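One structure is given here, and the rest of the page talks about it.
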């Protein structure tokens, strides 16, 4: 049974590759994948994404144009049920490990004000507070949420179920909701 699963994903990966702006050698995608705006996504060598991945570089929503860019480095591995949504820019460095059940987004449905909150969420314009940068050698644990306008410094670990709301200094271990540095890696 494992051989059938493996063969299906090899074939699926070869089909999916053509939907990206650029993808390096050794890219592996497990079925199924929801992909939106692949023409705005560049992926390096040896990328892998497990089952039920969702990558969205949203360039048009509710009649509004956006200029999204997702750039993913080399040797990036993502678990299952990873949802990435971008209307601005997301950069993920090299040698990054992303656990399962992860949400990374640079936007929300509307601004938090009395006018927008009264609208049905799907009818609100998308709004971004800023780009997301995840530097080299970062490990993002199971169930994490990465919110807009943050930079996660190189060689950092984001503990399971952490909500990252602000910049993470390099060589840090961050846990909690909201995420806070509990230790520096020496």
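Candidates in the stretch 87-114 are the residues that are in a loop (DSSP other than H, G, I, E, B) and either at positive phi or free of Cβ contacts under 8 Å to residues at least 40 places away in the same chain (or both); of these, the one that is nearest to the chain's Cα centre (by Cα) is 101.
Quick one: what pairs do we get from the stretch 171-186, first residue more than 18 Å from residue 137 (Cα to Cα), second assigned to a loop (DSSP other than H, G, I, E, B), C-beta under 7 Å, 6+ apart or different chains? That search, which allows pairs on different chains as well, returns 176/162; 177/162; 178/165; 179/162; 179/165.
Taking the condition more than 24 Å from residue 18 (Cβ to Cβ), within 13 Å of the chain's Cα centre (by Cα) and buried (at least 17 other Cβ atoms within 10 Å of the Cβ), does residue 53 pass? No. When residues in the stretch 70-83 are screened for being out of contact with any strand residue (DSSP E or B) (no Cβ under 7 Å at 6 or more places or on another chain) and in contact (Cβ under 8 Å) with a residue 40 or more places away in the chain, 2 of them pass. Within the stretch 14-69, restricting attention to residues that are touching a residue at least 40 places away in the same chain (Cβ under 8 Å) and assigned to a strand (DSSP E or B), the residue that is farthest from residue 96 (Cα to Cα) is 64. Taken over the stretch 117-152, the criterion of being at pLDDT below 95 and either surrounded by fewer than 18 Cβ atoms within 10 Å (Cβ to Cβ) or in contact with a helix residue (DSSP H, G or I) (Cβ under 9 Å, 6 or more places away or on another chain) (or both) is satisfied by 117, 118, 119, 120, 121, 122, 123, 124, 125, 127, 129.
In this structure, is residue 36 under 19 Å from residue 137 (Cα atoms) and surrounded by fewer than 20 Cβ atoms within 10 Å (Cβ to Cβ)? Considered against the rule, which asks whether it is under 19 Å from residue 137 (Cα atoms) and surrounded by fewer than 20 Cβ atoms within 10 Å (Cβ to Cβ), residue 36 comes out as no. Considering every residue within the stretch 160-169, establish whether at least one is in contact (Cβ under 8 Å) with a residue 24 or more places away in the chain and either within 21 Å of residue 71 (Cα to Cα) or crowded, with 16+ Cβ neighbours inside 10 Å (or both). No, there is no match, as no residue in the stretch 160-169 is in contact (Cβ under 8 Å) with a residue 24 or more places away in the chain and either within 21 Å of residue 71 (Cα to Cα) or crowded, with 16+ Cβ neighbours inside 10 Å (or both).
The values are calculated or read from the model by the stated rules, or taken from the named source; none is laboratory data. Note that the structure is a prediction, hence the values are computed from the model and not measured. Glycine also receives a Cβ, built like all others from the backbone with ideal geometry; neighbour counts cover every protein chain displayed.
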